[in-house]
Amino acid sequence: MIRINDNYVKLPESYLFSEIARRVATFRAANPTVDVISLGIGDVTRPLAPSVIDALHRAVDEQAAASTFRGYGPEQGYEFLRRTIIEHDFAPRGVQLSPDEVFISDGAKSDLGNFADILAADNVVALTDPVYPAYVDVNAMGGRAGRLTSEGWSGIIYLPCVAENSFIPQFPASRPDVIYLCYPNNPTGTTLDRRQLKQWVDYALENGSLILFDAAYEAFISRDEAPHSIYEIEGARRVAVEFRSFSKTAGFTGLRCGYTVVPKELKGYATAGEEVEVNKLWNRRQCTKFNGTAYIVQRAAEAIYSPQGRKEIRASVDYYLENARIIRENFLRMGMEVYGGVDAPYIWLRTPQGMGSWEFFDMMLDKYNVVVTPGVGFGPSGEGFVRLTAFGQRERIEEAMKRLVL
Ligand SMILES: *Cc1c(COP(=O)(O)O)cnc(C)c1O
């Protein structure tokens, strides 16, 4: 008899995007000639930057000659990329890291999921609500979520992020061991300023909690008050792991590359009380279960830091931010309640007249033929909101906005 991990049985089907697809397919079947525009996609649409394509071609050619061929690389990533990351993403912000604190991966989702491997199953996890669904599911798989009830998982502490608290999570009544924070945030598009993030770092220092900080949207920050890295905050090296991704920054959703920073000062504790460097554990885990990111992909990632590469990826990020501005300002002009869209490619829209997220989704599809993402799909506190993404093509977004004003 094959016994399975019971935690997987407790997981509900991932419902949000399949349900959206089902409703859109039903609508299309009934209205085959109608042009449906999606403002729901969470994927980039712009092609890779020319610098990235050039670097890929060069690296592919290296793989074709015995003298430059590369087989297995270091599990932690090539030093050329780790040093380049430190030099450009951290040093200019006053953050000193050493290459062995940076781990290259095939994307942030894998690392966010895998990191739970090195944490005890009885850690109490706190999450902002609404939230990127993977954080919840990973902890359910790891047996840290308890039972699924109508109010969410019994073992997880939800930190509501709603308009009433300006989407700033408040400290929970009881102390969590692990806290997931994602800023700029998916789905709300909001972010924390330095003072607000510092309060969470201080909280973690006082309570001995670990912050898993997802900075996948760091490149979209446009206001100076918002920190790009949690390590800009004093003391964060002792409490935080930071996850970064080239997916949204440089259109690597298909190419796959990201990295995780695990500072040496960060300590965990074994049941017997022994103090352990989390960096060592993560390194041990990666060396056992991961064999490195493709050489050609790491060369492609390196290319986004060249002067030309930086210009090119900046232009793409600015294109998406301009889309976000167009969407945001259109809804504001319509008198609607709109959040996000300034430091993030997401706009978080309050549904009018207390409509439910799905009710508003259906109305937008039927009346305007525009697809949005129901906020309740990201957690109970997302009810009454929808998420709009700015990752589409400009003309399509302008067309969608024109329909809404009519
Ligand atoms: C897109 C996204 C990521 C990045 O995932 P990759 O695996 O690097 O493509 C991470 N976190 C959040 C919140 C995201 O939306």
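The values are calculated or read from the model by the stated rules, or taken from the named source; none is laboratory data. It should be emphasised that the depicted structure is a prediction, and the values quoted were computed from it without experimental measurement. Neighbour counts run over all protein chains shown; Cβ positions are idealised from the backbone, glycine included. Ligands, DNA and RNA are stripped out before the accessible areas are found, and what is left, the full protein with its side chains, is counted by its heavy atoms. Shrake-Rupley method; radii C 1.70, N 1.55, O 1.52, S 1.80 Å.
Here are the numbers for this structure:
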{"quantity": "S166 paired with Q393, simple spin-label distance in nm, labels 7 Å along Cα-to-beta-carbon", "calculated": "4.0 nm"}
{"quantity": "Max mean-square fluctuation residue, GNM over the chain, Cα-Cα springs under 10 Å, options S51, S98, S174", "calculated": "S174"}
{"quantity": "Per-residue [θ]222 nm for the chain (sum of -39500 (n - 2.57) over DSSP H runs n ≥ 4, rounded to 500)", "calculated": "-10500 deg cm²/dmol"}
{"quantity": "Gained length - E322 relative to N7, 0.36 nm times residue gap less alpha-carbon distance", "calculated": "109.1 nm"}
{"quantity": "Prolate/oblate/rounded call for the range 37-108, Cα gyration tensor, a/c under 1.5 rounded", "calculated": "oblate"}
{"quantity": "Stretchable slack from L404 to V276, in nm (0.36 nm times residue separation minus alpha-carbon distance)", "calculated": "40.5 nm"}
{"quantity": "Spherically averaged projected area in nm², based on the convex hull that wraps the Cα atoms of the range 71-162", "calculated": "8.3 nm²"}
{"quantity": "Euclidean distance between Cα centres, the range 159-228 to the range 1-80, Å", "calculated": "27 Å"}
{"quantity": "q = 0.20, 0.21 Å⁻¹: log10 I(q)/I(0) that the Debye formula gives for the range 123-250, counting C-alpha atoms only", "calculated": "-1.23, -1.35"}
{"quantity": "Heavy-atom accessible surface of the range 52-105: percent carbon and sulfur, 1.4 Å", "calculated": "51 percent"}
{"quantity": "Antiparallel content of DSSP bridges confined to the range 131-284, in %, to 5", "calculated": "50 percent"}
{"quantity": "Per residue solvent-accessible surface (Å²) - the chain, probe of 1.4 Å", "calculated": "45 Å²"}
{"quantity": "Using a Förster distance of 35 Å, the FRET efficiency for M363-R285 (Cβ separation, nearest 0.05)", "calculated": "0.15"}
{"quantity": "Gyration tensor over alpha-carbon atoms, the chain, equivalent ellipsoid semi-axes in Å", "calculated": "33, 28, 21"}
{"quantity": "For the range 263-381, projected area of the alpha-carbon convex hull averaged over all directions, nm²", "calculated": "13.3 nm²"}
{"quantity": "Accessible surface of the range 300-406 [probe 1.4 Å, protein heavy atoms]: carbon and sulfur percent", "calculated": "52 percent"}
{"quantity": "Percent carbon-and-sulfur accessible area, the range 124-261, ignoring ligands, DNA and RNA, probe 1.4 Å", "calculated": "49 percent"}
{"quantity": "Student exercise, the chain dipole from Lys, Arg, Asp, Glu Cβ charges, in Debye to nearest 20", "calculated": "500 debye"}
{"quantity": "Bridge type composition, the chain - antiparallel percent by DSSP, nearest 5", "calculated": "55 percent"}
{"quantity": "Test item: Cα-centred dipole of the range 244-325, Lys/Arg +1 and Asp/Glu -1 on Cβ, debye", "calculated": "160 debye"}
{"quantity": "Spatially near lysine pairs across the chain, Cα under 16 Å, sequence gap of 8 or more or different chains", "calculated": "7"}
